[in-house]
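Written below as structure tokens is the structure these notes are about.
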Amino acid sequence: GPISSILVNRYGSRPVVIFGGLLCGIGMVSAAFCTSILQLYICVGFITGFGLALNLQPSVIIIGKYFLKRRPIANGLAMAGSPVMLCTLAPLNQFLFDNFGWRGSFLILGAILLNCCVAGALFRPIAAATPSVKTQVTEEGKDTLKEKVTEDAIEMSSPTNVPMESKTEEEGGKDCCDKINRYLDFSLFKHRGFLIYLIGNVLMFLGFFAPIVFLAPYAKHIGIDEYSAAFLLSILAIVDMIARPTTGIIANSKWVRPRIQYFFSFSIAFNGTCHLLCPLASGYTGLVVYSIFFGLAFGMVCAMLFETLMDLVGAARFTSAVGLVTIAECCTILLGPPIGGTLIDTFGDYKYMFIKCGAVMVLAGTFLFIMNYYNYRMLAKEEKERKAKEENPKSVRTENEGRNNWNKETAQDGPELEPLREEQEGLKKEVNGT
């Protein structure tokens, strides 16, 4: 995740997606020639997994660059592609395995994944408007002159000379931090909305994926045949496919868009409530109803997962935000299903796993709702203070008085600063001439 963000910031979305598609294809084709499980871990798990990570994030990032007014709808439609494949993947895999074996299946799937390169080639980057060369030269000349004047003023006014070695060390440390922040913006950890989103999502992912993993085994556990159990996932995927773009349309409405974080919190809590009620489904009909509501709730969360983050941090910082969120979320994403499996093994019943997932998600939804309410209140308060400061003439008058006092003090500083003032005046005239 963070590597994908750094690469997107450095090279853009198009080359990263094309490279990710190549990795996916190479990993799956290589898996067809594997002779051990360790080789499959490397080819399918590591190479293809890394390629998929390079495909997902640039795809989400480029949506934020192209859309603003209808961005939630665009996100919902783009995310609807995932459940479409989920519906067809299970029967497709079975068909390929029956006709071509597992090696032939890997070759065909690798060829399918190479189409990600075609999709990446269609990612047309939006170039920023660049000023003319003359303007750039003029601006550079002005900046250089200003920096020189400022440095001279600091050297003349400072009571003691700072050693050059310490300056060089400080500049080197700042340069290193600037390079890191250029590709991965760690200042987001000071962003209030980002921290609220991060904590809520880390908690949510502890129970987000486990119900999907254990839905079919739970159906088999209560005596449902294998094909009917697998069909529950197809039901979930079909409802999910419809829910994602529908959620995008609702989230883009004028009533929901200004407070989209509340809608996201409700979706997470609704998801958790479905899991809490799942143990009440004793037969196949009950599990079908659960799958329908679970698919609806799952689609709502997935459609707004990235939209809410973009709403908080903005499109410019979204690339870094996705990478940093991935670092924090990966632990709970990996721990969720094993913890659920441990509960099933310990108690011999699936209901405790569903209750755990439901309770965690309801808690995450409640936390996000309360903290987003606090965040909206603080943002409104800060905006009100900013407007009051702009409209209050006293503050402007105080600033002008302070500037005049400073000018008087500099005028009384004596003849030692007179050469600097003459030099500044000369530089200003040169800048105006250029």
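The values are calculated or read from the model by the stated rules, or taken from the named source; none is laboratory data. Predicted model only: the values in this text are computed from it and were never measured. Heads up, the Cβs are rebuilt from the backbone with ideal geometry, glycines too, and the neighbour counts pull from every protein chain shown. All accessible areas refer to the heavy atoms of the entire protein, side chains included, with ligands and DNA or RNA removed. Shrake-Rupley method; radii C 1.70, N 1.55, O 1.52, S 1.80 Å.
Being part of a helix (DSSP H, G or I) and either in contact with a helix residue (DSSP H, G or I) (Cβ under 6 Å, 6 or more places away or on another chain) or open to solvent by 70 Å² or more (accessible area, probe 1.4 Å) (or both): is that true of Thr35 here?
Values: part of a helix (DSSP H, G or I): no; either in contact with a helix residue (DSSP H, G or I) (Cβ under 6 Å, 6 or more places away or on another chain) or open to solvent by 70 Å² or more (accessible area, probe 1.4 Å) (or both): yes.
No, not satisfied.
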Report yes if some residue within the stretch 50-69 is closer than 27 Å to Phe298 by Cβ, of a type in the set (Ser, Thr, Tyr) and outside the structural domain of Cys331 (by the TED database); otherwise report no.
-> yes
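Give the residue, chosen from Ala90, Ala111, that is out of contact with any strand residue (DSSP E or B) (no Cβ under 9 Å at 6 or more places or on another chain) and at pLDDT 75 or above.
Of Ala90, Ala111, the one residue that is out of contact with any strand residue (DSSP E or B) (no Cβ under 9 Å at 6 or more places or on another chain) and at pLDDT 75 or above is Ala111.
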Give me the pairs: first residue in the stretch 61-90 and part of a helix (DSSP H, G or I), second residue of a type in the set (Asp, Glu), beta-carbon distance under 7 Å, and six or more apart or on different chains, which are they?
-> Arg71/Glu307; Pro72/Glu307; Asn75/Glu307; Pro83/Asp240
In the stretch 207-252, residue nearest to Phe294 (Cα to Cα) [restricted to those that are in contact (Cβ under 8 Å) with a residue 40 or more places away in the chain, assigned to a helix (DSSP H, G or I) and of a type in the set (Phe, Trp, Tyr)] = Phe214
Count of the stretch 295-348 residues which are under 18 Å from the mean Cα position of the chain (by Cα) and small (Gly, Ala, Ser) = 9
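Residue-wise test of (1) closer than 30 Å to Gly283 by Cα; (2) within 27 Å of the chain's Cα centre (by Cα).
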| position | (1), (2) |
| --- | --- |
| Leu195 | no, yes |
| Phe205 | yes, yes |
| Leu215 | yes, no |
| Leu232 | yes, no |
| Ile238 | yes, yes |
| Met241 | yes, yes |
Checked the stretch 75-103 for anything surrounded by fewer than 17 Cβ atoms within 10 Å (Cβ to Cβ) and hydrophobic (A, V, I, L, M, F, W, C); matches are Leu77, Val84, Met85, Leu89, Ala90, Leu92, Phe95, Phe97, Phe100, Trp102
Regarding Arg182, is this residue in contact with an Asp or Glu (Cβ under 9 Å, 6 or more places away or on another chain) and at pLDDT below 85?
-> no
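Out of everything in the stretch 1-32 that is among the polar types (S, T, N, Q) and crowded, with 18+ Cβ neighbours inside 10 Å, what residue ends up being farthest from Phe306 (Cα to Cα)? Even if it seems obvious, please write down each step before you answer.
So in the stretch 1-32, the residues among the polar types (S, T, N, Q) come out as 4-5, 9, 13, 30.
Now narrow it down to the ones that are crowded, with 18+ Cβ neighbours inside 10 Å: 4-5, 13, 30.
Values: Ser4: 15, Ser5: 14, Ser13: 16, Ser30: 32 Å.
Result: Ser30.
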Does Pro217 qualify as being open to solvent by 40 Å² or more (accessible area, probe 1.4 Å), assigned by the TED database to the domain that holds Phe264 and out of contact with any Leu (no Cβ under 7 Å at 6 or more places or on another chain)?
-> yes
Report the residue count in the stretch 192-214 for those that are open to solvent by 20 Å² or more (accessible area, probe 1.4 Å), under 17 Å from His275 (Cα atoms) and not aliphatic (A, V, I, L, M).
-> 2
Here are Ala321, Ala328, Ala359, Ala316: which of them is in contact (Cβ under 8 Å) with a residue 60 or more places away in the chain, open to solvent by 40 Å² or more (accessible area, probe 1.4 Å), part of a helix (DSSP H, G or I) and under 24 Å from Gln261 (Cβ atoms)?
-> Ala359
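If you take the residues of the stretch 253-290 that are of a type in the set (S, T, N, Q), in a helix (DSSP H, G or I) and open to solvent by 50 Å² or more (accessible area, probe 1.4 Å), which of them is nearest to Leu203 (Cα to Cα)? Spell out how you get there, then give the answer.
Going residue by residue through the stretch 253-290, those that are of a type in the set (S, T, N, Q) are 253, 261, 265, 267, 271, 273, 282, 285.
Pick out the ones that are also in a helix (DSSP H, G or I) and you get 261, 265, 267, 271, 273, 285.
When the remaining residues are screened for being open to solvent by 50 Å² or more (accessible area, probe 1.4 Å), the result is 273, 285.
Numbers: Thr273: 15, Thr285: 31 Å.
Among residues in the stretch 253-290 that are of a type in the set (S, T, N, Q), in a helix (DSSP H, G or I) and open to solvent by 50 Å² or more (accessible area, probe 1.4 Å), the one nearest to Leu203 (Cα to Cα) is Thr273.
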Answer yes or no as to whether Gly193 is on the phi > 0 side of the Ramachandran plot and either touching a strand residue (DSSP E or B) at 6+ places or on another chain (Cβ under 7 Å) or outside the structural domain of Ser82 (by the TED database) (or both).
-> no
